[in-house]
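Novice: Before we start, here is the structure in question, set down as structure tokens.
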Amino acid sequence: MMAFKPVILWTDALLFLLVAALLAVAWHVGRHEHLRAPWRKVAESRTGMSAAVLLALFVAIGLLDSLHYRPRLASDGGTKVYAVETRSVFDLLVGPLRTQVEKTYSAPLATHLFSKETVDLPGGGQARLYPRLAYGGAHLEDPQRDRAADLARRTLAGLGIAALAWNLLLAGVTAWQARRRDETFGRTWRALWAGETRLPWREMLITAGVVLAVAGPVMAVAGHYHVLGTDKVGQDVLYLSLKSIRTGLVIATLATLVMLPFALLLGITAGYFRGWVDDVVQYVYTTLNSIPAVLLIAAAVLMTQAYMGLHPELFDTVQQRQDMRLLFLCLILGVTSWTGLCRLLRGETLKLRELEYVQAAQAFGVRSARILTRHILPNVMHIVLIAVVMDFSALVLAEAVLSYVGVGVDPTMISFGTMINAARLEMAREPMVWWSLASAFGFMLLLVLSANLFADAVRDAFDPRLTTRSTTRVLFARLAARGRT
Amino acid sequence: MFGYLIRRVLYAVPILVGVNVITFALFFFVNSPDDMARLALGGKHVTAEAVEKWKADKGYDRPLIFNAAREGMAQVTDTVFFQKSARMFVFDFGRGDDGRDIGYEIRTRMWPSLAIAVPTFLVGLACYISFALLLALFRATYLDLAGVILCVTAMSISSLFYIIGGQYLVSKLWNLVPISGYDTGLDAWKFLVLPVLIGVVGGVGASTRWYRTIFIEEMHKDYVRTARAKGLPESRVLFGHVLRNALIPVLTGVVVVIPALFLGSLIMESFFAIPGLGSYTIEAINNQDYGVVRAMVFLGSFLYIVGLVLTDVSYTLVDPRVRFE
């Protein structure tokens, strides 16, 4: 008897397919020295790897949030009844965040609602006052007296656990490195903190430490308070922000997945075959490119929206409708955004096809399809990779703007865009409801910034034409030289 | 030169036809006019007469691309495609759902859009190029490092944040300019300052970084080394040689957007309630006024293609190495 029924949404399936594909690629790269070399350079980048730690955390949250299921309701007499609502493993893990819903707005860590209400006094009569929250600080007897002490106690406990976890992590990493380097624990420890390990372990561990130092207290407090307040319908803003990560990740990765085949196939064939193939491909991408991106996306989304409105029978649950719309959005973003990469690939292939090794292959009578996959494709992969990582952050940012315009994700879906959209209407309130906006923008900044920094590290490692070495490296090399003289 | 121009313009025609076909397919094949009528009238239980009346009102009561019931040219002209899409080639956009002439709306609404887009564009360009030059001049120093870090951070912030933050800080907290709105004539300036400022600030990260890369790439070329070897001061090298050559790639990226300035910015205009083309488009999207959206798509593509032709022309003007083929 299963207590739940797994639900695999389309985006879940694609996301995990993508993870599997990435693992396969990683395994393939790991077995080939020439493919591994640039990745090693990425792994040696200090900012890149610190960003990667943060990014890994976001991806982990996003993936946990992609394991969906429908819990079983109390079954009456053998028939199994499953809840209409689809939940994710992430929802299960953060339990109270999802269920502790207040009436309406409340400020971060507040114990009272944000707006006054008429309440019946116990001794008879009524009064206008700020009512206590149903969950936030509900365990306190006298919030005014006890709140600060209670918060301090919980924060300290959280920090303590975080410190413990960080020390365990430190010890684990050092012991593992000591084994790999075949050195004593003490010497490895010193090397690690002196920044002499090949991978920037020091920076990565510091990043992990900062993450733990924030996450620990937040986790300790979140069960009894709304750390980032609540929104209009009383939902915890921290929960909404964390759920938005998945939406952002899905859009950023799946849109790329859709875009890649178009760009690769058309770009390479146009560059390689030239002639009429090239003419057709160039015509198609100039035409698509000439339509303003937002308008093309808007038109396409409006049409799918109309289509989904006309065919409500296609979707069982609200989540399925949301998911279908998200998938369509990814498709549309992918179909409208392949032109830039396609042009780059065409240009590079035009250059590659004149090189000796390609001409030699042609002279030997190798079939075109084989030349394309064997000789051209591997040699344009660095362009593809750089474009993909650079697009990632742009797509996360685009989601918010599109949702604002009204052509983004389903309005009932939790995303940074819908959060900002809802909170924007409260700008005029006095005093202002700032926490929804601040957390949406804050989480978005963290996600996009870490993606950007990682993308820079990848570009520095993979772009052979990059004549300018990264500023930081030049600067540090100079400082080091100055120190030596 | 003249023949080259003619060829470029002629090349644009098939692209515009393509745009037209794509938009037509998107708006009429994904959902048929009957579906759209049912959706607009609400729900499944709509009478056939109501659907026909809706289609007749909108002018959709014709076959989509081929009218077999008519004779001669009318077989092609008396269709939805010809009446609604092909007419855009002569800039006849028809009427929106509110019954107003779309062409007239575009002509009156483009001025507010231009009033914001042109200053944003010019001030922005000047700022970004100066910042990028500054960073390039002090490359591989702490100033450059700080600049690059600032740029990456600025790039990572949502454009919505700049708008909301700017409105809150400048209009609400400091009370310097009105939050939103528009006025005719010269009084409009106080409504324009904030959108222009935010537009410039919002683009600073990505643009400065992009121009810095272009400048630094140019600084590694051989002629720069020659100039330095001759003993020219660094400022002369930078402003006399690098800047002029680096402006060529900058130009190609910039000229193409000039015509599109007419369209204004969707988000900026709707946040600041400026009656330009951007807010017109947003309203149309929210009201699902497909006639207006189609017109704006066509106009946008047309302006982009004008931009492409202008880019080619400007290339030949600034770079004597480019020849007309």
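The values are calculated or read from the model by the stated rules, or taken from the named source; none is laboratory data. Note that the structure is a prediction, hence the values are computed from the model and not measured. Here the Cβ positions follow ideal geometry from the backbone for every residue, glycine too, while neighbour counts run over all protein chains shown. These accessible areas exclude ligands, DNA and RNA; they are computed on the full protein's heavy atoms, side chains included. Shrake-Rupley method; radii C 1.70, N 1.55, O 1.52, S 1.80 Å.
Novice: Hey, any hits in region A:20-33 for a residue that's open to solvent by less than 60 Å² (accessible area, probe 1.4 Å), closer than 23 Å to A:Leu242 by Cα and among the small types (Gly, Ala, Ser)?
Specialist: The answer is no, given that none of the residues of region A:20-33 is open to solvent by less than 60 Å² (accessible area, probe 1.4 Å), closer than 23 Å to A:Leu242 by Cα and among the small types (Gly, Ala, Ser).
Novice: Determine which member of the set A:Arg343, A:Arg321 is away from chain B (no Cβ under 14 Å) and either part of a helix (DSSP H, G or I) or surrounded by 15 or more Cβ atoms within 10 Å (Cβ to Cβ) (or both).
Specialist: A:Arg321
Novice: Among the residues of region A:34-48, are any more than 15 Å from the chain's Cα centre (by Cα), under 20 Å from A:Phe392 (Cβ atoms) and assigned to a loop (DSSP other than H, G, I, E, B)?
Specialist: Checked against the condition, which is being more than 15 Å from the chain's Cα centre (by Cα), under 20 Å from A:Phe392 (Cβ atoms) and assigned to a loop (DSSP other than H, G, I, E, B), region A:34-48 yields at least one hit.
Novice: I'd like to know if region B:53-63 contains one or more residues that are among the aliphatic types (A, V, I, L, M) and modelled with pLDDT under 80. Reasoning before the result, please.
Specialist: Step one: of region B:53-63, the residues among the aliphatic types (A, V, I, L, M) are B:56.
This time we only want the ones that are modelled with pLDDT under 80, so: B:56.
Scanning region B:53-63, I find at least one residue that is among the aliphatic types (A, V, I, L, M) and modelled with pLDDT under 80, so the answer is yes.
Novice: For region A:407-424, does any single residue satisfy the condition of being more than 30 Å from A:Lys116 (Cβ to Cβ), at the interface with chain B (Cβ under 10 Å from one of its Cβ atoms) and in a helix (DSSP H, G or I)? If you could, list the steps in order and put the result at the bottom.
Specialist: First, the residues of region A:407-424 that are more than 30 Å from A:Lys116 (Cβ to Cβ): A:407-410, A:413, A:415-417.
Remaining after also requiring at the interface with chain B (Cβ under 10 Å from one of its Cβ atoms): A:407, A:416-417.
Okay, now just the ones that are also in a helix (DSSP H, G or I), so A:416-417.
Scanning region A:407-424, I find at least one residue that is more than 30 Å from A:Lys116 (Cβ to Cβ), at the interface with chain B (Cβ under 10 Å from one of its Cβ atoms) and in a helix (DSSP H, G or I), so the answer is yes.
Novice: Filter region B:146-161 down to the residues that are at the interface with another protein chain (Cβ under 7 Å from one of its Cβ atoms) and part of a helix (DSSP H, G or I), then identify the one that is farthest from the chain's Cα centre (by Cα).
Specialist: Going residue by residue through region B:146-161, those that are at the interface with another protein chain (Cβ under 7 Å from one of its Cβ atoms) are B:148, B:152-153, B:155-161.
Still in the list and also part of a helix (DSSP H, G or I): B:148, B:152-153, B:155, B:159-161.
Values: B:Val148: 27, B:Val152: 24, B:Thr153: 25, B:Met155: 19, B:Ser159: 16, B:Leu160: 18, B:Phe161: 21 Å.
The qualifying residue farthest from the chain's Cα centre (by Cα) is B:Val148.
Novice: Since B:Ser180 meets every condition but one in (1) without any contact (Cβ under 8 Å) to a residue 12 or more places away in the chain; (2) of a type in the set (Ser, Thr, Tyr); (3) within 14 Å of chain A (Cβ to nearest Cβ); (4) open to solvent by 30 Å² or more (accessible area, probe 1.4 Å), which condition does it not meet?
Specialist: Unmet condition: (1).
Conditions (1) farther than 26 Å from A:Ser88 by Cβ; (2) touching a Lys or Arg at 6+ places or on another chain (Cβ under 7 Å); (3) part of a helix (DSSP H, G or I); (4) of a type outside the set (Phe, Trp, Tyr), marked per residue:
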{"position": "A:Glu196", "(1), (2), (3), (4)": "yes, no, no, yes"}
{"position": "A:Met219", "(1), (2), (3), (4)": "no, no, yes, yes"}
{"position": "A:Gly234", "(1), (2), (3), (4)": "no, yes, no, yes"}
{"position": "A:Leu238", "(1), (2), (3), (4)": "no, no, yes, yes"}
{"position": "A:Thr256", "(1), (2), (3), (4)": "no, no, yes, yes"}
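Novice: How many residues are in a strand (DSSP E or B) and in contact (Cβ under 8 Å) with a residue 24 or more places away in the chain if we restrict to region A:92-122? Write out each step before concluding.
Specialist: Of region A:92-122, the ones in a strand (DSSP E or B) are A:106, A:112, A:117-120.
So of that shortlist, the ones also in contact (Cβ under 8 Å) with a residue 24 or more places away in the chain come out as A:106, A:112.
So the answer is 2.
Novice: Kindly indicate whether B:Ile216 is β-branched (Val, Ile, Thr), within 24 Å of the chain's Cα centre (by Cα) and surrounded by 15 or more Cβ atoms within 10 Å (Cβ to Cβ).
Specialist: Values: β-branched (Val, Ile, Thr): yes; within 24 Å of the chain's Cα centre (by Cα): no; surrounded by 15 or more Cβ atoms within 10 Å (Cβ to Cβ): yes.
Against the criterion (β-branched (Val, Ile, Thr), within 24 Å of the chain's Cα centre (by Cα) and surrounded by 15 or more Cβ atoms within 10 Å (Cβ to Cβ)), B:Ile216 does not qualify.
Novice: Something else now. B:Thr311 - would you say it is in contact (Cβ under 8 Å) with a residue 40 or more places away in the chain and open to solvent by 30 Å² or more (accessible area, probe 1.4 Å)?
Specialist: no
Novice: Does B:Val322 meet the test of being within 11 Å of chain A (Cβ to nearest Cβ) and either at pLDDT below 85 or open to solvent by 50 Å² or more (accessible area, probe 1.4 Å) (or both)?
Specialist: Working: within 11 Å of chain A (Cβ to nearest Cβ): no; either at pLDDT below 85 or open to solvent by 50 Å² or more (accessible area, probe 1.4 Å) (or both): yes.
No; evaluated as a whole, the condition is false for this residue.
Novice: Something else now. I'd like the residue in region B:228-266 that is more than 27 Å from the chain's Cα centre (by Cα) and buried (at least 19 other Cβ atoms within 10 Å of the Cβ) and, out of all such residues, is nearest to the other protein chains (Cβ to nearest Cβ).
Specialist: Residues of region B:228-266 that are more than 27 Å from the chain's Cα centre (by Cα), as a first pass: B:228-242.
Adding the requirement that they be buried (at least 19 other Cβ atoms within 10 Å of the Cβ) leaves B:237-238, B:241-242.
On the way: B:Val237: 16, B:Leu238: 15, B:His241: 17, B:Val242: 13 Å.
Per the criteria, the residue is B:Val242.
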